[in-house]
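**Student:** Handing you this structure, nothing more for now.
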Amino acid sequence: MDIISNLINGTLVFSTAFIFAALGGLISERSGVINIGLEGFMVSGAFFSAVIAYYAETAGLGKLSPWLGIIGAFVFTAIFSSIHAIATIRFKANQVVSGVVINILAASSTFFLVKLIFEGSAESPLLTTVFHKYKVPLLGDIPFLGNAFFNNYPTTYIAISLVIVIYFVIYRTAIGLRLRAVGEHPGAADTVGVKVNRMRYMAVILSGSIAALGGATIVLTSNGNFAFNTISGQGYIALAAVIFGKWNPIGAMLASLFFGLAQAIKDQLQIFEFAARIPNEFFYMLPYVLTMLVLIGAVGKARAPKALGEPYEVGKR
Amino acid sequence: MDKLMSIFRRESAVIPVVSIIIGLLLGALIMLIGGYDPLLAYESLVTKIFGSSYDFGEALRSIVPLVLCGLAVGIAFRAGLFNIGVDGQIIMGSVGALLVGTKLSLPAPFHAIVAVIFGAILGGLWGALVGYIKAKRGINEVITSIMFNFIALYLSHYLIRYFMPQAGTQRSAMIQESASIQIGWLSELMGGARIHWGFLLTIIAVIFYSIYLNRTKWGYELRAVGLSPDAAEYAGMKVSKVMVRTMFISGVFGGLVGTFEVLGVFKYIAINSVTSGLGFDGIAVALLGGNSALGVLLSGMLIGALTYGSQGMSFGAEVPGEIIRMVIGFIIFFVAAPGIVRLFFRPLFHKMKKKV
């Protein structure tokens, strides 16, 4: 039982970053703008959270510093993601290419800045104050379930809440309706008075900021600092989670949990003798192979927002 | 119509050139803000490339993978496919070459030839698989090729660790000398720079790319599918076949990168936690070169030289070489969004159009 309970807990720990990044990707793609740059936005979030939390820590802000780190990652990545927004919306750059550029820029500029700020060091100093697991009173004491679900990092609780909020906003509010309309049929949305490009700007900028929370999560919970390989491909997994989850927040969360599970299994299975004989590489490969199998087999054709990838010109109906 | 074409041609050459200039200027600006000397930095970049015959040779050999990656991305682009999976195809190519290079025993030139062919085909099949899944199941090639990059990475780790390990190290065994494609005498002449036959094959690949696209029936189909898959289908072309075929060729280019790096440069594979990222550079090369053979060759030379030269920057001017990655990012960015370049140079373009 303990193993299962730990497995669920581990799944949530690993999934949190994916959930944030996938939610970010989903918002942008729902508005019709592809976001391959999720990886770069996660890098940006990881970088800003590490630097800001480090300075807050040295300034003696104690327990406040990881919170400042996570807020800083959100705010500063908004500036970074506006590059993707302006390029794709205002200048109609190829959205995939712009996303690739975001990834290149994020990787190179953060590495450059880390060297600049920390006098030639290739990574940021290790933080002493990071998030700790928070046990929810009462609920956390329930046997099995308590350890599995209610003894987690604050970021996990935020991520799950965000899934619910975003689901509600997209499917139950006027803004959500407009967002979907802009991604499905911008011409029609424009006709009824929705400002297509303004909506897209909001979506893309928010997309980067939310993805940045995923990067910040990794730094402020498990890693404790920022290095060039802190993110190493997790943004691409999140991108897969968006498609796998069929552009639906709940679906994206489930897909993220699935990827998290594939990672957590690796940790938990090593207890067993039979699993120790399976080469580690196969566990690393598991999430990607499973994604391919599910995409090819069970899910069938995933339907993307209709106007995904198309720049919108006012008057094109 | 001719006039229209001449504007198009002139602008299509102007945009990349202006983009390169703005990119380098932006890089200089960032260096200034960081408190570095950009002139010294760029000077040491150029010195690094042309400083010695060894460096020049090494710069030349670092151009090879970039040109091939550019061709790989470019040919897929022309068919309307976005091959973000070149990294994985490179890995499969290098594993194939390594397998033949370490396990097989053949006389000298044949061993290398078999290794190159095997690696190239393995890379091609890895690419074709992505094309097949797209053609049969309609699954976006971007997502498939990203997944396949990771699968290739871990698969290669497994194969190296269990079949070709070098005891006590994080890398594979060395290939047999008979599988080497290094050009011994030229390498000696250039102070030990790792020049190899892949250089010649890359030039042949560029020529092949041009002829295939522009002079063959398959190339015509490829371009037609790229312009409009629906129209191509109506015209009786087998779109799915074209996709698989194109991704195979794209994968062969990627596979060649891997085989050349193994057989001509490193002689082994190191177990890295991340892919080389060369495939992403290929996107830059293809885009900057406008997906044409000559364009890819030129832009591959530029980006290869910049990347190689950037190693000299930290030594000569204490500037982190990553700044060049940023410059490359800026350049692609401006090429992808020519509107920004036009905005800066609106007056200039205005005059140009008036003259025409």
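Quick note: the coordinates plus some simple rules give every number you see, no bench work behind them. Because the structure is predicted, anything quoted here is derived from the model rather than measured. Here the Cβ is made from the backbone with ideal geometry for all residues, glycine too, and neighbour counts use every protein chain on show.
**Student:** Using Cα pairs closer than 8 Å and at least 6 residues apart in sequence, work out the relative contact order for chain A, in percent.
**Tutor:** The normalised contact order for chain A reaches 37 percent.
**Student:** Return a whole-number percent for the relative contact order of chain B, with Cα pairs under 8 Å and 6 or more residues apart as the contact set.
**Tutor:** Averaging sequence separation for qualifying contacts and normalising by length gives 35 percent for chain B.
**Student:** Still on this structure: What is the diffusion coefficient of chain A in µm²/s, taking the Kirkwood radius over Cα pairs and the Stokes-Einstein relation at 10 °C with a viscosity of 1.306 mPa s? The partial results should precede the final answer.
**Tutor:** Values: Rh = 20.1 Å.
It diffuses with D of about 79 µm²/s by this estimate.
**Student:** Shifting gears a bit: When ranked by the protection proxy of mean other Cβ atoms within 10 Å per residue, highest first, what sequence do the peptides B:246-252, B:37-43, A:271-277, A:49-55 form?
**Tutor:** Peptide ranking by packing, descending: B:246-252, A:49-55, B:37-43, A:271-277.
**Student:** Under the rule a/c < 1.5 gives rounded, and otherwise a/b versus b/c splits prolate from oblate, where does the stretch A:9-72 land using the Cα gyration tensor?
**Tutor:** Numbers: a/c = 3.03, a/b = 1.79, b/c = 1.69.
Prolate, since a/c reaches 1.5 and a/b exceeds b/c.
**Student:** Which of the three applies to the stretch B:141-300, rounded, prolate or oblate, going by the alpha-carbon gyration tensor with a ≥ b ≥ c and a/c under 1.5 meaning rounded?
**Tutor:** Details: a/c = 2.53, a/b = 1.54, b/c = 1.64.
It is oblate, given that a/c is not under 1.5 and a/b is not larger than b/c.
**Student:** A further question on this structure: Please identify, among A:SER65, A:SER81, A:SER232, the residue showing maximal mean-square fluctuation in a Gaussian network model of chain A using a 10 angstrom Cα cutoff.
**Tutor:** A:SER232
**Student:** How would you rank A:THR88, A:THR11, going from fewest to most other Cβ atoms within 10 Å of each one's own Cβ?
**Tutor:** Values: A:THR88 29, A:THR11 23.
Taking fewest neighbouring Cβ atoms as first place, the list is A:THR11, A:THR88.
**Student:** Tell me the net charge near A:TYR236. Cut-off is 15 Å between Cβ atoms, A:TYR236 excluded, with +1 for each Lys or Arg and -1 for each Asp or Glu. Provide the component values of the computation, followed by the final result.
**Tutor:** Numbers: positive: none; negative: A:GLU29, A:GLU39, B:ASP87, B:GLU141.
Overall, the nearby charge balance is -4.
**Student:** Another question, if that's okay. What's the exposure ranking of B:VAL257, B:VAL327, going from fewest to most Cβ atoms within 10 Å?
**Tutor:** In order of increasing Cβ crowding within 10 Å: B:VAL327, B:VAL257.
**Student:** What value does chain B have for Rg/Rh, both radii from Cα atoms and Rh as Kirkwood defines it? Could you put the intermediate results ahead of the total?
**Tutor:** Working: Rg = 21.3 Å, Rh = 21.4 Å.
Result for chain B is an Rg/Rh of 0.99.
**Student:** Could you tell me how far the Cα centroid of the stretch A:122-181 sits from the Cα centroid of the stretch A:1-75, in Å?
**Tutor:** 10 Å
**Student:** Can you tell me how the protein assembly as shown classifies by the Cα gyration tensor, rounded, prolate or oblate, using a/c under 1.5 as the rounded cut? List each step's numbers first, then the result.
**Tutor:** Details: a/c = 1.37, a/b = 1.19, b/c = 1.16.
Because its axes are fairly even, with a/c under 1.5, the protein assembly as shown counts as rounded.
**Student:** With a cut-off of 8 Å between alpha carbons and a minimum separation of six or more residues, what is the relative contact order of the stretch A:77-202 in percent?
**Tutor:** Contact order relative to length: 17 percent.
**Student:** Compute the signed sum of charges (Lys and Arg +1, Asp and Glu -1) over the other residues within less than 15 Å, Cβ to Cβ, of B:SER210.
**Tutor:** Taking every Cβ under 15 Å from that of B:SER210, the sum is +3.
**Student:** Among the aspartates and glutamates, select those whose C-alpha is under 13 Å from the C-alpha of B:LYS267, and discard any that sit fewer than 8 residues away in the same chain.
**Tutor:** B:GLU177
**Student:** At a Förster radius of 30 Å, what calculated FRET efficiency corresponds to the Cβ-Cβ distance of B:ILE271 and B:GLU318, to the nearest 0.05?
**Tutor:** The formula returns an efficiency of 0.45 here.
**Student:** For a quick check, take a GNM of chain A with Cα springs below 10 Å and name the residue from A:LEU145, A:LEU26, A:LEU239 with the largest mean-square fluctuation.
**Tutor:** Judging by the Gaussian network model, the answer is A:LEU145.
**Student:** Based on Cα positions only, what radius of gyration and what Dmax would you give for the stretch A:102-213, in angstroms?
**Tutor:** Computed over the Cα atoms of the stretch A:102-213, radius of gyration and Dmax are 20.8, 56 Å.
**Student:** At B:LEU39 and B:TYR220, where each label point lies 7 Å from the Cα along Cα→Cβ, what is the point-to-point distance in nanometres?
**Tutor:** Each label point is offset 7 Å from its Cα along the Cβ direction, giving 5.7 nm.
**Student:** I would also like to ask the following. Ignore the peptide's own chain and count Cβ atoms of other chains within 10 Å of each Cβ in A:287-294; give me the average, rounded.
**Tutor:** On the way: counts 3, 9, 5, 1, 6, 8, 0, 0.
The mean count of partner-chain Cβ atoms within 10 Å per residue comes to 4.
**Student:** Which order, highest average first, do A:167-180, B:281-294, B:74-87, B:104-117 follow once you tally other Cβ atoms within 10 Å for each residue and take the mean per peptide?
**Tutor:** Output ranking for A:167-180, B:281-294, B:74-87, B:104-117: B:74-87, B:281-294, B:104-117, A:167-180.
**Student:** Identify which of B:TRP185, B:TRP126, B:TRP197 has the largest mean-square fluctuation in a Gaussian network model of chain B, with springs joining Cα atoms closer than 10 Å.
**Tutor:** Highest fluctuation of the listed residues: B:TRP185.
**Student:** Suppose each label sits 7 Å from its Cα in the direction of the beta carbon; what would the B:LEU200-B:ILE21 distance come out to in nanometres?
**Tutor:** 4.0 nm
**Student:** How many nm is it between the label spots at A:PHE168 and A:LEU61, if each spot is 7 Å from the Cα in line with the beta carbon?
**Tutor:** The two pseudo-label positions are separated by 2.8 nm.
**Student:** Would you mind checking A:LYS306/B:LYS238; A:LYS135/A:LYS266; A:LYS195/B:LYS134 for any pair whose Cα atoms are more than 27 angstrom apart?
**Tutor:** Going by Cα-Cα distance, A:LYS195/B:LYS134 fall outside the 27 Å limit.
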